[in-house]
Amino acid sequence: MSRYMWINLLAVSVPLIFSFVRPFRFIHCIPRVLAAFFTVGSVYIIWDAIATRSGAWGFTPGYISPIHLFGLPVEEILFFLLIPYSCLFLYEQMTRFLPDRRFRFPTGLNIALAFVCLTVAGVFFSQTYTRTVFIYCALFFLITIRFDHAMLESTRFWGYIAFTYLPFFVVNYFLTQPPVVWYNPDAIWGIRVTTIPLEDFFYSFSMLGFFTLIYRVVGKPH
């Protein structure tokens with residue numbers, strides 16, 4: 001089994017086991033996870049395939065399997081299902097067991113943050129990873145205005161995002177060292193936290209933000 005596959009399986013192992021255990025049962029939420037995967041995951045997989053083909057990043061052959069889909073190693077496709085599954089499991093547990101405090105997050109702040117992100121994307125337009133990840137962050141802030149602005153007014157949501165950076169750091173460290181995933185220096189700032197490109201922190205925010213948004217929207221009573 002490849003190193004990348006081991007990373008995926010270890011990351012999902014504990015959430016998957018506890019998905020069958022009361023009071024943490026998460027199995028009934030799988031349709032919502034799949035809805036997020038087929039919408040958000042598809043968009044990120046398309047971006048991933050384009051970026052890989054253009055050479056913005058790539059994968060070290062010795063750490064992946066020879067099976068590829070859409071020009072990506074199968075482990076990379078599974079990444080967009082297994083990692084969000086683990087994180088949404090965490091989000092669901094937080095909604096069950098942790099109190100939530102509401103605060104005001106004006107739509108003007110969404111627009112301002114989107115403007116800042118688009119400005120950064122414009123300034124670093126030639127760096128394809130930097131540019132794209134900040135466009136995605138801008139879209140997240142704009143789309144939440146229409147579909148679920150209340151999510152941004154929840155301390156539970158922001159606490160969840162902050163907490164996910166702990167497993168994010170571990171998983172990304174093992175993906176970027178030695179590396180399993182490499183980055184073209186021309187596509188990024190070049191600023192790294194240990195071995196992790198700084199852009200990856202914004203990538204994680206936008207991806208999990210969108211996954212959580214769809215997970216919540218699908219789960220709302222109609």
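FYI, it's all coordinate maths here, none of it is from the lab. Note that this is a predicted model, so its numbers are computed, not measured. Because the Cβ atoms are built from the backbone with ideal geometry, glycine has one as well, and the counts that use them run over all protein chains shown.
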Here's a check for you: in segment 78-109, which residue that is loosely packed, with under 11 Cβ neighbours inside 10 Å and in contact with a helix residue (DSSP H, G or I) (Cβ under 7 Å, 6 or more places away or on another chain) is farthest from I145 (Cα to Cα)?
R101
Surrounded by 19 or more Cβ atoms within 10 Å (Cβ to Cβ) and closer than 20 Å to Y44 by Cα, is that true of Y129?
yes
What are the residues in segment 89-148 that are of a type in the set (K, R) and touching a residue at least 12 places away in the same chain (Cβ under 8 Å), if any?
R96, R101, R102, R104
Look at segment 175-192 and say how many of its residues are without any contact (Cβ under 8 Å) to a residue 24 or more places away in the chain and more than 20 Å from the chain's Cα centre (by Cα).
2
Restricted to segment 4-55, and to residues that are part of a loop (DSSP other than H, G, I, E, B) and either touching a Lys or Arg at 6+ places or on another chain (Cβ under 8 Å) or touching a residue at least 40 places away in the same chain (Cβ under 8 Å) (or both), which residue is surrounded by the fewest Cβ atoms within 10 Å (Cβ to Cβ)?
P23
When only residues in segment 56-68 that are of a type in the set (A, V, I, L, M) and buried (at least 16 other Cβ atoms within 10 Å of the Cβ) count, which is farthest from W182 (Cα to Cα)?
I64
Residue satisfying all of: in segment 180-205; in a loop (DSSP other than H, G, I, E, B) and β-branched (V, I, T); farthest from T60 (Cα to Cα) among these:
I191
Would you mind stating whether I161 is touching a helix residue (DSSP H, G or I) at 6+ places or on another chain (Cβ under 7 Å), under 15 Å from V133 (Cα atoms) and among the β-branched types (V, I, T)?
no
What do you reckon, is G71 surrounded by fewer than 17 Cβ atoms within 10 Å (Cβ to Cβ) and under 18 Å from P197 (Cβ atoms)?
no
Evaluate the following for I83: is it of a type in the set (A, V, I, L, M) and more than 20 Å from L166 (Cβ to Cβ)?
no
Quick check: anything in segment 155-168 touching a residue at least 40 places away in the same chain (Cβ under 8 Å), under 23 Å from V33 (Cα atoms) and either assigned to a strand (DSSP E or B) or among the aliphatic types (A, V, I, L, M) (or both)?
yes
